[in-house]
Amino acid sequence: MLQQTLIIIKPDGVSGGFTDEIIRRYEAVGLKVVKRKDITAPLPIVEKHYPMEPAYLRSIGEKTIAAGQQVKSAEDQGRKVVTWLRKFITSGPIVVMVLEGEDAVAVARKTTGFTDPAAAEVGTIRGDLGTDNILDANREERPVWNLIHASGSSEEAAKEINLWFGE
């Protein structure tokens, strides 16, 4: 099924010089860039992209727990991480793209790799280019530098595309 998905190359991916390689990898698996913006992320959009909603916060905090760190609550940990993410994503240039192709959401997620680069499979973008991990990031009170945001579902992709491109 032909789909669209949203990809954001985060400040660490842009400043690290990975933009062209990241795009090449998505194109190599049959995805096409149909929209692109090179911008500094506006905080009002970022606050909607990374919301302070309890279920979302818990899902973020649970990644910390899965990485082996004990926390008081997944929701509180998620709140910290989202605060760090918001600050980080607005700290420098990003590339926001809509990719299109067959099963674009799943193909992009598989190509991107797991959230924690230390646990991402070799052959994925994060597994090959990422050098960070969740435990170091939490210890240093910052988000994990994982190069990319990739929409997690077709519903999320539609919402995010509308948020970033206003359509």
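In segment 4-26, is there at least one residue being at pLDDT 95 or above, within 24 Å of Glu155 (Cα to Cα) and over 17 Å from the mean Cα position of the chain (by Cα)? First the steps, then the outcome.
From segment 4-26, those at pLDDT 95 or above are 4-26; that's our starting set.
If we keep only those that are within 24 Å of Glu155 (Cα to Cα) as well, we get 4-10, 22-23, 25-26.
Applying the additional criterion that residues be over 17 Å from the mean Cα position of the chain (by Cα) yields none.
Within segment 4-26 (the criterion being at pLDDT 95 or above, within 24 Å of Glu155 (Cα to Cα) and over 17 Å from the mean Cα position of the chain (by Cα)), the answer is no, since none of the residues qualifies.
Among the residues of segment 145-167, write down those that are in a loop (DSSP other than H, G, I, E, B) and over 16 Å from the mean Cα position of the chain (by Cα).
Correct list: Gly166, Glu167.
Restricting to segment 146-155, name every residue that is surrounded by fewer than 20 Cβ atoms within 10 Å (Cβ to Cβ) and either touching a Pro at 6+ places or on another chain (Cβ under 7 Å) or touching a residue at least 12 places away in the same chain (Cβ under 8 Å) (or both). Give the steps one after another, and end with the answer.
Start the filter on segment 146-155 by keeping residues that are surrounded by fewer than 20 Cβ atoms within 10 Å (Cβ to Cβ), which leaves 152-155.
Matches in segment 146-155: Gly152, Ser153, Ser154.
I need the full set of residues from segment 111-124 which are in contact (Cβ under 8 Å) with a residue 24 or more places away in the chain and either basic (Lys, Arg) or touching a strand residue (DSSP E or B) at 6+ places or on another chain (Cβ under 8 Å) (or both), in order please.
Matches in segment 111-124: Thr111, Thr112.
Do we have Lys80 as among the charged types (D, E, K, R) and loosely packed, with under 15 Cβ neighbours inside 10 Å here?
Working: among the charged types (D, E, K, R): yes; loosely packed, with under 15 Cβ neighbours inside 10 Å: no.
No; evaluated as a whole, the condition is false for this residue.
Provide a single number: the residues in segment 104-144 that are part of a loop (DSSP other than H, G, I, E, B), surrounded by 19 or more Cβ atoms within 10 Å (Cβ to Cβ) and not aliphatic (A, V, I, L, M). Working first, answer last.
Kept after step one, since they are part of a loop (DSSP other than H, G, I, E, B), are these residues of segment 104-144: 113-116, 120-121, 123, 130-133, 140-144.
Those left that are additionally surrounded by 19 or more Cβ atoms within 10 Å (Cβ to Cβ): 113, 115-116, 120, 130, 132, 143-144.
If we keep only those that are not aliphatic (A, V, I, L, M) too, we end up with 113, 115-116, 130, 132, 143.
Total meeting the criteria: 6.
Could you tell me whether segment 31-45 includes any residue that is within 26 Å of Asn162 (Cβ to Cβ) and at pLDDT below 95? Don't jump to the end; show me each part of the working.
In the first step, residues of segment 31-45 are kept if they are within 26 Å of Asn162 (Cβ to Cβ); the result is 31-45.
Filter once more, so that each one left must be at pLDDT below 95: none.
Looking through segment 31-45, none of the residues is within 26 Å of Asn162 (Cβ to Cβ) and at pLDDT below 95.
Tell me, please, whether a residue that is under 16 Å from the mean Cα position of the chain (by Cα) and either outside any helix (DSSP H, G or I) or in contact (Cβ under 8 Å) with a residue 12 or more places away in the chain (or both) can be found in segment 64-76. I'd like the intermediate steps shown before the answer.
Within segment 64-76, the subset under 16 Å from the mean Cα position of the chain (by Cα) is 64.
Okay, now just the ones that are also either outside any helix (DSSP H, G or I) or in contact (Cβ under 8 Å) with a residue 12 or more places away in the chain (or both), so 64.
Yes, segment 64-76 has at least one match.
The values are calculated or read from the model by the stated rules, or taken from the named source; none is laboratory data. No experiment lies behind these values; they were computed from the predicted model shown. Backbone-built Cβ (ideal geometry, glycine too); neighbour counts: all protein chains shown.
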